[in-house]
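A single structure is presented below for examination.
The values are calculated or read from the model by the stated rules, or taken from the named source; none is laboratory data. Since the model is a prediction, treat every value here as computed from it, not as a measurement. No Cβ is skipped: glycine too gets one built from the backbone with ideal geometry, and neighbour counts run over all protein chains shown. These accessible areas exclude ligands, DNA and RNA; they are computed on the full protein's heavy atoms, side chains included. Shrake-Rupley method; radii C 1.70, N 1.55, O 1.52, S 1.80 Å.
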Amino acid sequence: GQQLNQSPQSMFIQEGEDVSMNCTSSSIFNTWLWYKQDPGEGPVLLIALYKAGELTSNGRLTAQFGITRKDSFLNISASIPSDVGIYFCAGRSTGTASKLTFGTGTRLQVTL
Amino acid sequence: NAGVTQTPKFQVLKTGQSMTLQCAQDMNHNSMYWYRQDPGMGLRLIYYSASEGTTDKGEVPNGYNVSRLNKREFSLRLESAAPSQTSVYFCASTNPGGQRYGYTFGSGTRLTVV
């Protein structure tokens, strides 16, 4: 099946630092989504992207839909302790009955 | 707004026992999904139901069965649990035409098979 490579696998950063993570696919997607999972909870949608080249922000979060349609990037500016969690990318290609393929996740830890 | 409700939240089974994980959504979504989450593996699709009355296999269906009881409810059954099925199970729902909003997930069922 399709594979999404997400990197880095984990990050330890200091409060106030900016964070970048990315996701690459072996095939083209027409939708990219970024989710965050808090400990003991299900993933929650952060940002959705629908067009190649699209850049979308949600507060301190900014995500981009790569021009090749095979990658996406998520940036978090001025990180705070509540940013701790696992971030997942997910992609959807046409003809897949709305099924999403998820990346393996980036675990973010923020130190004071 | 309950969203997607999963029961139970925690379960311990002995090898060979059976159980059903329940999922219900109150958002009038057409499509529902079952995923499992294992360390380092992300979320892997077990089964999905694109609409009421249909079910299809996902990436890792072996050892599982599903039932789309009605539009609201989608259950996952383990007929003979194995230690390899120890995992966190998530149910999700969406409307294909409303895909702009992605999936809504439940809070998960943490299953341990001993």
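In region A:1-15, which residue that is open to solvent by 50 Å² or more (accessible area, probe 1.4 Å) and outside any strand (DSSP E or B) is farthest from the other protein chains (Cβ to nearest Cβ)?
This residue is A:E15.
Consider B:D26 against the criteria (1) among the acidic types (D, E); (2) surrounded by 14 or more Cβ atoms within 10 Å (Cβ to Cβ); (3) more than 9 Å from chain A (Cβ to nearest Cβ): it satisfies all of them except one. Which criterion is unmet?
Every listed condition holds for B:D26 apart from (2).
Additional query: If we scan region B:86-106, do we find a residue that is open to solvent by 70 Å² or more (accessible area, probe 1.4 Å) and away from every other protein chain (no Cβ under 14 Å)? Full working, then the answer.
Here is the first cut: in region B:86-106, the residues open to solvent by 70 Å² or more (accessible area, probe 1.4 Å) are B:97, B:100-101.
When the remaining residues are screened for being away from every other protein chain (no Cβ under 14 Å), the result is none.
There is no residue in region B:86-106 that is open to solvent by 70 Å² or more (accessible area, probe 1.4 Å) and away from every other protein chain (no Cβ under 14 Å).
On to the next question. Counting only residues that are open to solvent by 40 Å² or more (accessible area, probe 1.4 Å) and within 11 Å of the chain's Cα centre (by Cα), how many does region B:1-19 have?
Within region B:1-19, residues that are open to solvent by 40 Å² or more (accessible area, probe 1.4 Å) and within 11 Å of the chain's Cα centre (by Cα) number 2.
Being open to solvent by 30 Å² or more (accessible area, probe 1.4 Å), within 10 Å of the chain's Cα centre (by Cα) and modelled with pLDDT of 95 or more is the requirement here; does B:R72 meet it? Steps first, answer last, please.
Numbers: open to solvent by 30 Å² or more (accessible area, probe 1.4 Å): yes; within 10 Å of the chain's Cα centre (by Cα): no; modelled with pLDDT of 95 or more: yes.
Answer is no for this residue.
Another question, then. Within region B:49-114, considering only strands (runs of 3 or more DSSP E) that don't extend past its boundaries, which have at least 1 residues that are within 26 Å of A:L49 (Cα to Cα) and touching a residue at least 12 places away in the same chain (Cβ under 8 Å)? Outline the logic, then answer.
Numbers: elements: B:64-68, B:74-78, B:87-94, B:109-113.
In region B:49-114, B:87-94 are the strands (runs of 3 or more DSSP E) which contain 1 or more residues that are within 26 Å of A:L49 (Cα to Cα) and touching a residue at least 12 places away in the same chain (Cβ under 8 Å).
Would you pick out the residues in region A:16-70 that are away from chain B (no Cβ under 14 Å), in a strand (DSSP E or B) and either open to solvent by less than 30 Å² (accessible area, probe 1.4 Å) or at positive phi (or both)?
A:V19, A:L61
Which ones in region A:71-85 are closer than 22 Å to A:F29 by Cα and open to solvent by 10 Å² or more (accessible area, probe 1.4 Å)? Break it down stepwise before answering.
In the first step, residues of region A:71-85 are kept if they are closer than 22 Å to A:F29 by Cα; the result is A:71-75.
Of everything in region A:71-85, those that are closer than 22 Å to A:F29 by Cα and open to solvent by 10 Å² or more (accessible area, probe 1.4 Å) turn out to be A:D71, A:F73, A:N75.
Quick check: anything in region B:43-51 open to solvent by less than 50 Å² (accessible area, probe 1.4 Å), at the interface with chain A (Cβ under 9 Å from one of its Cβ atoms) and among the basic types (K, R)?
So far as region B:43-51 goes, yes, one or more of its residues are open to solvent by less than 50 Å² (accessible area, probe 1.4 Å), at the interface with chain A (Cβ under 9 Å from one of its Cβ atoms) and among the basic types (K, R).
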